[in-house]
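**Q** First the structure, then my questions, so here it is.
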Amino acid sequence: GESVGLHLPTLSVQEGDNSIINCAYSNSASDYFIWYKQESGKGPQFIIDIRSNMDKRQGQRVTVLLNKTVKHLSLQIAATQPGDSAVYFCAENWDNQAGTALIFGKGTTLSVSS
Amino acid sequence: DSGVTQTPKHLITATGQRVTLRCSPRSGDLSVYWYQQSLDQGLQFLIQYYNGEERAKGNILERFSAQQFPDLHSELNLSSLELGDSALYFCASSVAAGTEAFFGQGTRLTVV
């Protein structure tokens, strides 16, 4: 079935580097996307979202880019810190005949070494 | 703290049994989502409710059911449990579909 996927299961960076986590989605009708961070033993935590009428949105140290032409989403984390180590998921708001659902990809594990 | 409360935090039960997981959404949120997360896996969407009505269904087994009550809390019922049902079960809530969803801390279910 249709689902949101991620390009890399793991990403290792040094503290202070910029991190880029990628996500490819398959449903061209999706109109809303969210990035979540999940630390071990905890629930996913909202980081930033973007609607399909935008191609870029910035938060505190994070930027989300949306390329609808190639159905690609990315999360950029500036000056990555050890506390950023976690699993990152992208999710898309997916409408189909069954209704509307927030569908997640498999996640990218970000490891930050100091 | 996301404002979404899930109980219990941990649950250990035997195969063939039935359990109920409970979720209280954030104040003002009408939409509730349920997800299953197995070891080292992503979040599998199970079902969504909005203001008491089922709105979307994912890969939810027939042995599983859910409902959302008038006070907007939701329950996920899992019956005839199998070892493979062991997982983290998350509830999330949002004001409406297509808005940011906030997750609870999950219920860790272990079937032995």
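**Q** So, in segment A:1-19, exactly how many residues are surrounded by fewer than 17 Cβ atoms within 10 Å (Cβ to Cβ) and modelled with pLDDT of 90 or more?
**A** The qualifying residues number 7.
**Q** What are the pairs with Cβ atoms under 6 angstrom where one residue, in segment A:92-108, is more than 7 Å from every other protein chain (Cβ to nearest Cβ) and buried (at least 21 other Cβ atoms within 10 Å of the Cβ) and the other, located anywhere, is at pLDDT 75 or above and not in a strand (DSSP E or B)? Sequence gap at least six, or different chains.
**A** Between residues of segment A:92-108 that are more than 7 Å from every other protein chain (Cβ to nearest Cβ) and buried (at least 21 other Cβ atoms within 10 Å of the Cβ) and residues that are at pLDDT 75 or above and not in a strand (DSSP E or B), the close pairs are A:92/A:25; A:92/A:30; A:94/A:27; A:94/A:30; A:108/A:8.
**Q** What strands (runs of 3 or more DSSP E), lying completely within chain A, carry at least 1 residues that are aromatic (Phe, Trp, Tyr)?
**A** Strands (runs of 3 or more DSSP E) meeting the threshold: A:32-38, A:45-51, A:86-96, A:99-104.
**Q** Any residue that is more than 9 Å from every other protein chain (Cβ to nearest Cβ), within 17 Å of residue B:93 (Cα to Cα), in contact with a strand residue (DSSP E or B) (Cβ under 7 Å, 6 or more places away or on another chain) and open to solvent by less than 70 Å² (accessible area, probe 1.4 Å) - is there at least one of those in segment A:70-81?
**A** So far as segment A:70-81 goes, no, none of its residues is more than 9 Å from every other protein chain (Cβ to nearest Cβ), within 17 Å of residue B:93 (Cα to Cα), in contact with a strand residue (DSSP E or B) (Cβ under 7 Å, 6 or more places away or on another chain) and open to solvent by less than 70 Å² (accessible area, probe 1.4 Å).
**Q** On to the next question. Suppose the filter is open to solvent by 70 Å² or more (accessible area, probe 1.4 Å) and either over 14 Å from the mean Cα position of the chain (by Cα) or modelled with pLDDT of 95 or more (or both); does residue A:58 pass it?
**A** Taking the combined requirement at face value, the residue satisfies it.
**Q** What is the residue count in segment B:37-63 for residues that are at the interface with chain A (Cβ under 8 Å from one of its Cβ atoms) and part of a loop (DSSP other than H, G, I, E, B)?
**A** 4
**Q** Restricting attention to segment B:64-93, which residues are assigned to a strand (DSSP E or B) and among the aliphatic types (A, V, I, L, M)?
**A** Within segment B:64-93, B:66, B:76, B:78, B:87, B:88, B:92 meet the criteria.
**Q** Filter segment B:74-109 for residues that are over 11 Å from the mean Cα position of the chain (by Cα) and more than 14 Å from chain A (Cβ to nearest Cβ) and give the result.
**A** B:79, B:80, B:81, B:82, B:83, B:84, B:85, B:86, B:109, listed by residue number.
**Q** Same structure again: Residues A:79, A:29: which one is touching a Gly at 6+ places or on another chain (Cβ under 8 Å) and of a type in the set (A, V, I, L, M, F, W, C)?
**A** Result of the check over A:79, A:29: A:79.
**Q** Here's another thing I want to ask about it. What's the total number of residues in segment B:87-104 that are surrounded by fewer than 18 Cβ atoms within 10 Å (Cβ to Cβ) and under 21 Å from residue B:38 (Cβ atoms)?
**A** 0
**Q** Tell me which residues, restricted to segment B:8-33, are within 17 Å of residue B:97 (Cα to Cα), touching a strand residue (DSSP E or B) at 6+ places or on another chain (Cβ under 7 Å) and part of a loop (DSSP other than H, G, I, E, B).
**A** Selection gives B:25, B:26, B:29, B:30.
**Q** Something else about it: Can you work out which of the residues in segment B:37-69 that are in contact with a Gly (Cβ under 6 Å, 6 or more places away or on another chain) and open to solvent by less than 70 Å² (accessible area, probe 1.4 Å) is farthest from residue A:91 (Cα to Cα)?
**A** B:68
The values are calculated or read from the model by the stated rules, or taken from the named source; none is laboratory data. Source: prediction; values computed, not measured. Cβ sites come from the backbone with ideal geometry, for glycine too, and all protein chains shown count toward neighbours. Calculation scope for accessible area: heavy atoms of the full protein, side chains included, ligands and nucleic acids excluded. Shrake-Rupley method; radii C 1.70, N 1.55, O 1.52, S 1.80 Å.
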